[in-house]
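Q: Dumping the structure here so I can ask a few things about it.
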Amino acid sequence: MNITEQNNSNQEHLLVSSTAIDNDNVVKLRRSSSILTVAEPALLLIATEEDDNDDGETVAVSKLSSVSGILYALSFNQPKFCPAAIWNSAGITFADQSIVGSDPYAIFVNANNTIYVANRENNTVVIWHEESVNPTKIISGSFIDPSSLFVTSNGDIYIDDGFKNGRVQRWSAETNTFVTVMNVSSRCDGLFVDINDTLYCSMYLEDQVVKRSLNDPLMTSNCVAAGTGFERSDSDELDGPDGIFVDVNFDLYVADCGNDRVQLFQPGESNGITVAGSESLKPTIELYYPTALTLDAEKYLFIVDNNNHRIVGSSLNGFQCLVGCYGMGSQSNQLNSPLSFSFDRSGNMFITDTSNSRIQKFEYLEESCVDNSLLIKSMYSSSLTPNSSIYFQECSELGSYYEAIQMNVTVTGYYAFSINSEMKIMDAYIYTNNFNPFDVSKNMLSHSRDSDNQGQFKITAALQTNMIYAVVITTSPNITGNVSIQVSGPYYIDFNRFSFSFNQPWFCPAAIWNSDGITFADKSIVGSDPYAIFVSTNNTIYVANRENNTVVIWHEESVNPTKIISGSFIDPSSLFVTSNGDIYIDDGFKNGRVQRWMIETNTFVTVMNVSSRCDGLFVDINDTLYCSMYLEDQVVKRSLNDPLMTSHRVAAGTGNEGFYSDELDGPGGIFVDVNFDLYVADCGNDRIQLFQLGESNGITVAGSESIKSTIELYYPTGITLDAEKYLYIVDNNNHRIVGSSLNGFQCLVGCYGMGSPSNQLNSPLSFSFDRSGNMFITDTSNSRIQKFEYLEESCDNSSLLIKSMYSSSLTPNSSIYFQECSELSSYYEAIQMNVTVTGYYAFLINSEMKTMDAYIYTNNFNPFDVSKYVLSHSGDSDNQGQLKITAALQTNMIYVVVITTSCRNLTGNVSIQVSGPNYIDFNRILNTSSVVQTIYVSKLTTNSSTYFPQCAGLSSYYEAIQVNVRRSGLYTLFSKSDMDTYGSIYNEYFNPSNPFENRLLDNDDSCDQDQFRFTVALESSIKYILVVSAFFSKVTGEFSIFVSGPGNVDLKNISSPSAMRKPYLSAMQSNYSSELTTNSQTYSRDCRKSNYYYETIRVNVVENAYYALSSDSTMDTYGYIYKDDFNPLNPFENLLSQNYRSCSYEDFNLIVYLHSDTKYILVVTTSSPNKTGKFFILTSGPNNITLDPYSKYFVLFVNH
């Protein structure tokens, strides 16, 4: 290579010849400029400080990147990796908390392998020069709590100082001083200096990235680089931007944390392109709060996936996990909320493992790209037959036989596969994590085919230990034959064949099923109240007959049963069939076991011992058997490869009935996907819980408590996923099947209420898809199996030919309502639509009004409950007065389209054009109701009363608000506050000692910003209590309550005491102990049974105030307070209204206002008759309280 100097008037250049440069060549350049002019694009590696010539100093710069013949010096490393690149999964702790402080955020490794870390605890920059184990320099400054840093090629350090001081500082390597180089309005979670000396700051709290030229002397000259400054998810918006990267083309990459994506903003473009995340063009990975990113030499993305606690990277094969692939933790192969990372020159990763307060180094395994260790050979032989499973290769309409084989790798390294077969035109695929035949492009690591039709080809891949891999062998349609696989690599590979036994069809977003079901089998065949059904991939149908304890089987296309299997099982609640035809069936109710019928021997064996019936059974791809124990509030599992039958483990639930994230209440159906994520139909809690592998806390993915709730479930009992992981749920007590799509959940079949006609269901319990997407449902209370046919034509867009038109206007005379979680009233119009042909319809709405919104509802639209029955929604986010909305509509269904605006008092004309398979008739709904909104403003302070919202944990401040409606009807209540608010509403009264008593509804996060919302029917004749508290303990702040409904609402603060808990620590307390025996007095506590033992205790106080009285006993005690006297012949006489139970199941806890001049009688008795035992009474209050035995009625009861 020839390098010469050339001087121009403005800058120095180095002219470089176009000779190809070897990666191993080292080129020395004298210090001149950071810009080199070349005849052709090239890449150079520059040696550092090794010049022996006397004519100048060698410049220490990084790899140079070329654009349009100009070579630019980069200060950071962008290594080139092979597609099979692997990093050691076990990290090395490079620096711990004693060096980098608590929760380090920022790291930078420059091209000289100098490492820079910002220590937030003592506001320093800690520096290690190459190969140093201990820090070689520490720079102190006046910056506070830095979130990011960037180092340029000359050694200058740019550091965030925005949180407190509103600036970015630069430490000059030449002068060893700090100067301010940018003024900002919040902290910079990301900093970057591009090749034009433009400084970028990513302002997480401002939802924006700003930039300024460092050559501009005006410090106020920040320009917007990305984001509008509003927290949203449109293409021009950001939600909490964090790490940033700017390439030599000035393309800006942003880690858009809150939107779980990476956005690319090209120069001059305000709209970003999603290049990683579920909304990207070709999504191959789900991100959860990405915080940093970089590009390698070939512009492949590497991302810090913060809330998934891992680093992911892209290659030719899409994204895959690189390090931190073993969940959150502090082990060497785990990370905990990593925030940033940087490559060194060798491709090793240095990561701020933030919540572990350490810097982790993960070494790049160069040998993963070298094939010189291909020594040991492994063999696998099989054949594709007409009984093999069928799938469709990517973008192919022709089905092919295939076999999927799981591979266990014991030594990390590079492996070469040689496939030989008598079949021609073979294909082989290697997948990471798992293979899903319904999503064949996902997780694909490598692919090769027999392009020469020789029946022989090769495929190579870098494989790691502790990873799941699958090799898939397939061919052209209807071709069968033998195949062998020979693998060469550093060690043997174990092969295990696996396949799916159930169907997971792919459906378009507008998928529709015929609303009229066909009775596939009635009571005479499946018995009374069938629970369990399973349809295999061969379309063989299995139903458990509970009446005669048999399994009834239909092979594909059979109308009558083709086989009936009898066994010793009793009253089975569930069954599951594996790919080899073995049947797993519940036998827990009477016999405490799960049985397996083996197709090979035609016999039953016990495979699991259980303590109750299994309402759900599932066998995952690792041959792990799961049992959902409804009566035990738990899901358990055991490996079928484990010879010990007592070895099952807890998969979900604590075994106690509850509604916390780690608890279940009567779990029913279950589903385990190929990632071993467990989905549970949590019947009693009206929700679907997702338990990810290794996690004891579930995530609510469906139901009113889910993150984006679009449907209310009522006792869900069955669940499955389709090919794209959309949920399908048996909504038992709503007598329907619901499914999710891009538009959220909607009713699919059984949408006409409970009944026995063909379009209705009655308490369905389970269902299964066949290969064509048809549903087979156990219509339990109708004692039948219903088949609902999938209408494939509902996804055919070619029929969008016929157009329907509707025009109207919103005026000051239009009805008013409030959109969900909005305090702004809007005019609206509701139009009923009559659909005569089932199909997919597209709505185009045009208006002179901006900020339009359109909703489509099924069944009906209620302006007082706007979230119910929403089928589809679209908004005019660009304020263009035009929007589109699509929906799959069926005949014999009621639909309503609602037109409104997002602004108050906005009026104007609007037109609707609908394209679909037939005309739609529009009928404006007249006499629509206007909604009235009442506002209540208050605040929680340290003087507010406290209670325990969940009867446990820490107390929260609360305010009790009496609610009186003037007109009965549905009312929606929601909050606005800077606090994370929690709301609950009670009928008649609120007992702070037992927040579950009389509670109608409660909610936490149904509105954005952690605000509660619920809709409830209120009557004008009843008093209600709304309790507003902070979700977290001891949080105070202002709040507003908005109540929308058919009339005005009276809201007033009422005095309510703080809940008190045992033991009482107040100095003013009294204790009383006694015992109920067979000699104690008896009475009829419930006016039915007369043998309840009781004791009467006189209560006196010296100060008017609230007092707490609590029992402590092994008995299940009841407590009652009476004013003046107690009459055992009439236990309701003189009874005070403050007769409350505590959260405890066995003790009472009364909070009551007592007067000093009044006599009170405390009656202690038991929940059940004939119970005896010792008890203690604990009291607490502002002053002394006296308890004395009181036996006025003893003689009366002896004579009675």
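The values are calculated or read from the model by the stated rules, or taken from the named source; none is laboratory data. Everything numeric here is computed off the predicted structure, so don't read it as measured data. Note that we place each Cβ from the backbone using ideal geometry, even for glycine, and neighbour counts take in every protein chain shown. Quick note on the areas: whole protein, heavy atoms, side chains included, nothing else; ligands and nucleic acids left out. Shrake-Rupley method; radii C 1.70, N 1.55, O 1.52, S 1.80 Å.
Q: Just to be sure I understand: if I project the alpha-carbon convex hull of the stretch 524-651 onto a plane and average over all orientations, what area do I get in nm²?
A: 7.7 nm²
Q: Residue 369 to residue 1001: FRET efficiency via 1/(1 + (r/R0)^6), r the Cβ-Cβ distance, R0 60 Å, to the nearest 0.05?
A: The computed FRET efficiency comes out at 0.50.
Q: What does the accessible area per residue of the chain come to in Å², with a 1.4 Å probe and no ligands, DNA or RNA counted?
A: 42 Å²
Q: What FRET efficiency, computed as 1/(1 + (r/R0)^6) with R0 = 56 Å and r the Cβ-Cβ distance, is obtained for residue 228 and residue 1074, rounded to the nearest 0.05?
A: Computed FRET efficiency for residue 228 and residue 1074: 0.20.
Q: Please state the Cα pair-distance histogram of the stretch 95-301 with 10 angstrom bins from zero: what percent is in each bin?
A: With a bin width of 10 Å, the distribution comes to 9, 36, 36, 17, 2.
Q: Separation of the stretch 593-628 and the stretch 830-899 by C-alpha centroid, Å?
A: 47 Å
Q: Give me the number: length gained by fully extending residue 383 to residue 1019, i.e. 0.36 nm times residue separation minus the C-alpha to C-alpha distance, one decimal in nm.
A: Length difference between fully extended and current span is 222.0 nm.
Q: Next up: Please list the three semi-axes, largest first and in whole Å, of the ellipsoid equivalent to the stretch 934-1053, using sqrt of 5 times the eigenvalues of its alpha carbon gyration tensor.
A: 22, 16, 12
Q: Taking each pair of distinct Cα atoms in the stretch 118-177 once, what is the resulting Kirkwood hydrodynamic radius in Å?
A: Taking the inverse mean of 1/r over all distinct Cα pairs, the stretch 118-177 comes out at 12.0 Å.
Q: Two-decimal Rg/Rh of the stretch 224-264 from alpha-carbon positions, Kirkwood Rh?
A: In the stretch 224-264, Rg relative to Rh is 0.95.
Q: Which length gain, in nm to one decimal place, applies between residue 1157 and residue 1183 when the Cα-Cα distance is subtracted from 0.36 nm times their residue separation?
A: Result: 7.9 nm gained on full extension.
Q: Considering only C-alpha atoms, what is the centroid distance from the stretch 776-791 to the stretch 973-995, in Å?
A: After rounding, the separation between the Cα centres reads 41 Å.
Q: If you scale each eigenvalue of the Cα gyration tensor by 5 and take the root, what three semi-axes come out for the stretch 677-830, rounded to whole angstrom and sorted largest first?
A: In descending order, the three semi-axes are 31, 23, 17 Å.
Q: So if we plug the beta-carbon distance of residue 164 and residue 1176 into 1/(1 + (r/R0)^6) with R0 = 51 Å, what FRET efficiency do we get, rounded to 0.05?
A: Once rounded, the FRET efficiency stands at 0.40.
Q: Order of 1107-1113, 1149-1155, 217-223, 1049-1055 by packing, highest average Cβ count within 10 Å first?
A: The peptides rank, most packed first, as 1107-1113, 1149-1155, 1049-1055, 217-223.
Q: Which listed residue (1073, 1097, 1164) has the Cα farthest towards the positive end of the charge dipole for the stretch 1070-1189, taking +1 on Lys and Arg C-beta and -1 on Asp and Glu C-beta about the Cα centre?
A: Farthest towards the positive pole: 1164.
Q: Do me a favour and compute the ellipsoid semi-axes for the chain from its Cα gyration tensor, root of five times each eigenvalue, largest one first, whole Å.
A: 57, 42, 34
Q: Under 5 Å between amide H atoms, partner at least 5 residues away or on a different chain: which partners does residue 357 have, H built in plane at 1.01 Å?
A: Here the answer is 103, since their amide H atoms fall under 5 Å of that of residue 357.
Q: Given a 1.4 angstrom probe, I'd like the percentage of the accessible area of the stretch 804-924 that is carbon and sulfur, rounded to a whole number.
A: C and S fraction of accessible area: 42 percent.
Q: Which ³J(HN,Hα) values in Hz, rounded to whole numbers, follow from the phi angles of the stretch 161-173 under the Karplus curve 6.51 cos²θ - 1.76 cosθ + 1.60, where θ = phi - 60° and Gly and Pro get x?
A: 9, x, 4, 9, 9, x, 7, 10, 10, 10, 8, 8, 5
Q: Rounded to the nearest percent, how much of the accessible area of the stretch 518-794 (1.4 Å probe, protein heavy atoms only) is carbon and sulfur?
A: 45 percent
Q: Another question, if that's okay. In whole percent, and with a 1.4 Å probe on the protein chains, what portion of the accessible area of the stretch 934-1053 is carbon and sulfur?
A: It is 45 percent, rounded to a whole number.
Q: Sticking with this one: Rg/Rh for the stretch 1070-1189: what does it come to with C-alpha atoms and Rh from Kirkwood?
A: For the stretch 1070-1189, the value is 0.93.
Q: Which of 563/787; 137/211; 868/939; 361/725 have a Cα-Cα distance over 23 Å?
A: 137/211; 868/939; 361/725
Q: Once all Cα-Cα distances of the stretch 518-794 are split into 10 Å bins that start at 0, what whole-number percent is in each one?
A: 7, 32, 38, 20, 3, 0
Q: Something else: If you project the alpha carbons of the stretch 586-708 onto their three principal axes, what span does each projection cover, largest first, in Å?
A: Sorted largest first, the three principal extents are 49, 30, 22 Å.
Q: Let me ask something else. Percent of Cα-Cα pairs more than 19 Å apart in the stretch 879-945, please.
A: Result for the distance tail: 59 percent.
Q: Also, I was wondering about something else. Could you give the nm distance between label points at residue 927 and residue 422, where each point is 7 Å from its Cα heading toward the beta carbon?
A: 7.9 nm
Q: Summing -39500 (n - 2.57) over the DSSP H runs of n ≥ 4 in the chain and dividing by its residue number, what mean residue ellipticity at 222 nm do you reach, to the nearest 500 deg cm²/dmol?
A: Using -39500 (n - 2.57) per qualifying helix, the result is -500 deg cm²/dmol.
Q: Roughly how many whole Å is it from the C-alpha centroid of the stretch 1080-1112 to that of the stretch 308-345?
A: Distance between centres, Cα-based: 62 Å.
Q: On to the next question. How charged is the neighbourhood of residue 1050? Take every other residue with its Cβ under 13 Å from the Cβ of residue 1050, and add Lys/Arg as +1 and Asp/Glu as -1.
A: +4
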